[in-house]
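Peer 1: Sharing a structure here in structure tokens format.
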Amino acid sequence: MPALDLTPEHIVMVARSLIGEHGLSGFSMRKLAAALDVNPMTIYLRFENKDALLDAIARASLAEFEAPSANGTWSDQVRALAIGLRNHLIHDRETLRLLSDADRLSGGLLGTLDRGLELMGAVSSTPEDTVAAFRVLFWHVVGSALVSGAFDNFPGSRTDLSAVLAQSGTTHTRLVAHAAHFGRVDGDELFIQSINLLIDGLLVAAPK
């Protein structure tokens with residue numbers, strides 16, 4: 001492709017492909033230029049710097065998420081929004097690493113923010129309460145997505161915990177009493193349980 005015809009959209013598309021293949025740690029502007037068959041300075045004519053390109057990559061990924069339509073009860077709609085957004089965020093773990101920047105994340109999800117505020121407004125009495133309720137939901141979803149990979153190797157088998165407690169000679173009686181119920185962590189199941197609790201709490205706090 002001639003350099004003069006190189007569009008920002010094409011650069012972002014190739015950059016996302018490289019990140020998917022090599023990870024963020026293996027991504028560089030020089031590798032991107034080689035993949036595009038252009039001089040690295042050509043990319044800087046379209047993006048001021050690497051961070052600006054990463055912003056565009058994050059926005060492109062987030063723009064692909066569409067908030068679920070309004071079907072079912074209020075709880076069903078909140079649950080669908082939360083699960084859908086989390087699934088979208090963890091679909092590409094390398095791109096997810098770009099989203100730990102709050103401005104980068106929220107700026108790419110304006111439609112989702114609007115839909116979430118609409119839902120929270122139905123159970124809030126003031127604009128301040130609406131924003132607060134949405135922030136609780138939104139950042140719970142984002143936080144769960146950001147740490148989702150950590151559950152893959154999370155030590156949690158009953159044998160592991162019981163052995164640790166036995167070796168430590170702990171006097172924490174409640175921990176000992178509940179040790180048998182600590183199985184391996186299922187991040188998806190834990191997320192569903194936590195969202196259900198959050199939804200129940202929002203409904204209890206809603207103005208009557």
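Peer 1: Enter the angle in degrees (range 0 to 90, nearest 10) between the Cα long axis of helix 8-22 and the first principal axis of the Cα atoms of the chain, meaning the one along which they spread out most.
Peer 2: On a 0 to 90 degree scale, this one is about 50.
Peer 1: State the percentage of accessible surface on the chain attributable to carbon and sulfur atoms; use a 1.4 Å probe and exclude ligands, DNA and RNA.
Peer 2: 56
Peer 1: Give me the angle, in degrees from 0 to 90, between the Cα long axis of helix 158-168 and the longest principal axis of the Cα atoms of the chain, rounded to the nearest 10.
Peer 2: For helix 158-168, the angle is close to 70 degrees.
Peer 1: With every protein chain kept in place and ligands, DNA and RNA left out, what is the accessible area per residue of the chain? Probe 1.4 Å, answer in Å².
Peer 2: 58
Peer 1: Now, a different point. Rounded, prolate or oblate: which fits the chain when a ≥ b ≥ c are the square roots of the eigenvalues of the alpha-carbon gyration tensor, with rounded for a/c under 1.5 and prolate only if a/b beats b/c?
Peer 2: oblate
Peer 1: Roughly how many Å is it from the Cα centre of the range 176-208 to that of the range 20-35, as a whole number?
Peer 2: Here the answer is 39 Å between Cα centres.
Peer 1: Could you tell me which residue out of G143, A67, G20 lies farthest along the dipole of the chain toward its positive end? Charges go on the beta carbon: Lys and Arg +1, Asp and Glu -1, centred on the Cα centre.
Peer 2: Positive-most Cα among the choices belongs to G143.
Peer 1: OK, next. Mind checking the angle between helix 187-205 and the chain's longest principal axis? C-alpha axes, 0 to 90 degrees, to the nearest 10.
Peer 2: It is inclined by approximately 70 degrees.
Peer 1: Order M29, M41 by their accessible area, 1.4 angstrom probe, all chains in place, largest first.
Peer 2: Reading off the accessible areas and sorting them downward yields M41, M29.
Peer 1: Based on the Cβ-Cβ distance of D37 and R59, what FRET efficiency does E = 1/(1 + (r/R0)^6) give at R0 = 22 Å, to the nearest 0.05?
Peer 2: The computed FRET efficiency comes out at 0.30.
The values are calculated or read from the model by the stated rules, or taken from the named source; none is laboratory data. Because the structure is predicted, anything quoted here is derived from the model rather than measured. A quick note on method: Cβ atoms are made from the backbone with ideal geometry, for glycine too, and the neighbour counts reach across all protein chains shown. We work out accessible area using only protein heavy atoms, side chains counted, and drop any ligands, DNA or RNA first. Shrake-Rupley method; radii C 1.70, N 1.55, O 1.52, S 1.80 Å.
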